[in-house]
Amino acid sequence: MSSCRCPATLRVRSLPHSKSLPQCGACASVNLDRAGKGRNRARLLTAERKRELVEEYATHPGDTGSPEVQVAVLTERIIYLTEHLKQHKHDFHTRRGLLKLVGQRRRQLRYLNGRDVNRYRELIARLGLRR
């Protein structure tokens, strides 16, 4: 048995994570291509992208709670789930989660509109939202 982790050469199907085998060059490129697929894709993209969104929409350094940041993060998640639902039309659990996120974003936007109309208008223009 070779030291490659690709399914063609790996005969043992259940190795503990601590005993994972090294990869050959061909398998490493294949696994990098697949890194964004599956259950953890949203989390992997969200952590990086969330940091970028916080930096972009923050009103001051370290700001994660302002309505602008929260709406930007919610919008990113809504876009991701919308794309997911285009492919998986019968995923009703995700649809319910999407509708909850849309409601949260709507409430945040309503709050911001009541507090500061100029910030609200600037935010929806930056995000490209209809209002």
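The values are calculated or read from the model by the stated rules, or taken from the named source; none is laboratory data. A quick note: this is a predicted structure, and the numbers were derived from the prediction, not measured. No Cβ is skipped: glycine too gets one built from the backbone with ideal geometry, and neighbour counts run over all protein chains shown.
Taken over region 54-71, residues that are crowded, with 16+ Cβ neighbours inside 10 Å and outside any helix (DSSP H, G or I) amount to 2. Contact map, region 106-121: residues that are surrounded by 13 or more Cβ atoms within 10 Å (Cβ to Cβ) paired with residues that are of a type in the set (S, T, N, Q), Cβ distance under 8 Å, separation 6+ or inter-chain. Pairs shown: Gln108/Gln70; Tyr120/Asn113. Any residue that is under 30 Å from Tyr120 (Cα atoms), modelled with pLDDT of 95 or more, of a type in the set (Ser, Thr, Tyr) and in contact with a Ser or Thr (Cβ under 9 Å, 6 or more places away or on another chain) - is there at least one of those in region 66-82? Taking every residue of region 66-82 in turn, at least one turns out to be under 30 Å from Tyr120 (Cα atoms), modelled with pLDDT of 95 or more, of a type in the set (Ser, Thr, Tyr) and in contact with a Ser or Thr (Cβ under 9 Å, 6 or more places away or on another chain). His84 satisfies every condition listed in (1) surrounded by 10 or more Cβ atoms within 10 Å (Cβ to Cβ); (2) closer than 24 Å to Ala58 by Cβ except (2).
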